[in-house]
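One structure below.
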Amino acid sequence: SAVISQKPSRDICQRGTSLTIQCQVDSQVTMMFWYRQQPGQSLTLIATANQGSEATYESGFVIDKFPISRPNLTFSTLTVSNMSPEDSSIYLCSVLGPTNTEAFFGQGTRLTVV
Amino acid sequence: AQRVTQPEKLLSVFKGAPVELKCNYSYSGSPELFWYVQYSRQRLQLLLRHISRESIKGFTADLNKGETSFHLKKPFAQEEDSAMYYCALNQGAQKLVFGQGTRLTINP
């Protein structure tokens, strides 16, 4: 299995500011994923973060809004930039386990933009 | 386009009764499907995957390609089964597409 720590667990931010969410894994993993869960909605994949290369963004998500860093095989950050109330969501970090067949999730970061 | 549909947002059954959580998918290739569960105050975790054809906590799910379904079933519900359940599809490279989720409540 993989144990994921996400920080912060929650935050309330002013519109127009940015928040960086950290994801730390207890083992080296190739791929890390960032998901968003808007209120009352399902999880939607934002991007895939690979160490040593640019993140790959899904349709509807852009690097300027959600810059991602992946400095090593155990850590990644997602920044939510120039926030608006529509960015209020739970953001989740996910990695694949050793067999690459099971996804493990962090506890999520609950973001409220006011 | 890949899509996962869970038609029931809420499902409530009595303890000991059978449970079926519905999941339908849309995918052009050979699907790889999962059920994830989130218990109260816990993180999202894998319940089962169709490839394993296993039973976890009494739950089973059979992939029906003809009906494009992957319904989750349990013959006798228990109170500890109360949770949020998500059906998910691997759209490639383990990128998951999730359904809307079904909140299951087991009444005593």
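The values are calculated or read from the model by the stated rules, or taken from the named source; none is laboratory data. Keep in mind the model is a prediction, meaning the values are calculated, not measured. Note that each Cβ is placed from the backbone with ideal geometry, even for glycine, and that neighbours are counted across all protein chains shown. Areas reflect the complete protein model, heavy atoms only, side chains present, ligands, DNA and RNA absent. Shrake-Rupley method; radii C 1.70, N 1.55, O 1.52, S 1.80 Å.
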Collect the residues in segment A:93-114 that are more than 14 Å from A:D11 (Cα to Cα) and in a strand (DSSP E or B), keeping them in residue-number order. A:C93, A:S94, A:V95, A:L96, A:A103, A:F104, A:F105
If we keep just the residues of segment B:26-49 that are open to solvent by 20 Å² or more (accessible area, probe 1.4 Å) and assigned to a strand (DSSP E or B), which is nearest to the other protein chains (Cβ to nearest Cβ)? B:L46
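Taking the condition surrounded by fewer than 17 Cβ atoms within 10 Å (Cβ to Cβ) and of a type outside the set (G, A, S), does A:Q6 pass?
Details: surrounded by fewer than 17 Cβ atoms within 10 Å (Cβ to Cβ): no; of a type outside the set (G, A, S): yes.
No, not satisfied.
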Going through (1) touching a Leu at 6+ places or on another chain (Cβ under 9 Å); (2) closer than 30 Å to A:R110 by Cα; (3) polar (S, T, N, Q); (4) surrounded by fewer than 20 Cβ atoms within 10 Å (Cβ to Cβ) one by one, B:S55 fails only at (2)
Here the qualifying pairs (Cβ atoms under 6 Å; residues six or more apart or on different chains; first in segment B:3-20 and over 14 Å from B:A83 (Cβ atoms); second exposed (fewer than 14 other Cβ atoms within 10 Å of the Cβ)) come out as B:R3/B:S26; B:F14/B:N107; B:K15/B:E79; B:K15/B:P108; B:G16/B:F76; B:P18/B:P75
I need every pair where a residue in segment A:83-107 that is under 22 Å from A:V25 (Cβ atoms) has its Cβ under 7 Å from the Cβ of a residue that is aromatic (F, W, Y) and open to solvent by 10 Å² or more (accessible area, probe 1.4 Å), sequence separation at least 6 or different chains. A:S94/A:F104; A:V95/A:F104; A:G97/A:F104
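Could you check segment B:58-82 and list, in sequence order, the residues that are surrounded by 13 or more Cβ atoms within 10 Å (Cβ to Cβ) and either among the β-branched types (V, I, T) or free of Cβ contacts under 8 Å to residues at least 24 places away in the same chain (or both)?
Going through segment B:58-82, the residues surrounded by 13 or more Cβ atoms within 10 Å (Cβ to Cβ) turn out to be B:58-61, B:63, B:68-74, B:77-78, B:81-82.
Passing the criteria: B:G58, B:T60, B:T68.
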Return yes when A:S59 is in contact (Cβ under 8 Å) with a residue 40 or more places away in the chain and exposed (fewer than 13 other Cβ atoms within 10 Å of the Cβ) and no when it is not. no
So A:T74, is it buried (at least 16 other Cβ atoms within 10 Å of the Cβ), closer than 29 Å to B:I51 by Cβ, more than 11 Å from chain B (Cβ to nearest Cβ) and of a type in the set (V, I, T): yes
Collect the residues in segment B:83-108 that are away from every other protein chain (no Cβ under 12 Å) and surrounded by 17 or more Cβ atoms within 10 Å (Cβ to Cβ), keeping them in residue-number order. B:A83, B:L104, B:I106
Checked segment B:4-53 for anything of a type in the set (K, R) and within 13 Å of B:G101 (Cα to Cα); matches are B:K9, B:K22
Go through segment A:1-58 and tell me which strands (runs of 3 or more DSSP E), entirely inside it, have 3 or more residues that are hydrophobic (A, V, I, L, M, F, W, C). A:19-25, A:31-37, A:43-50
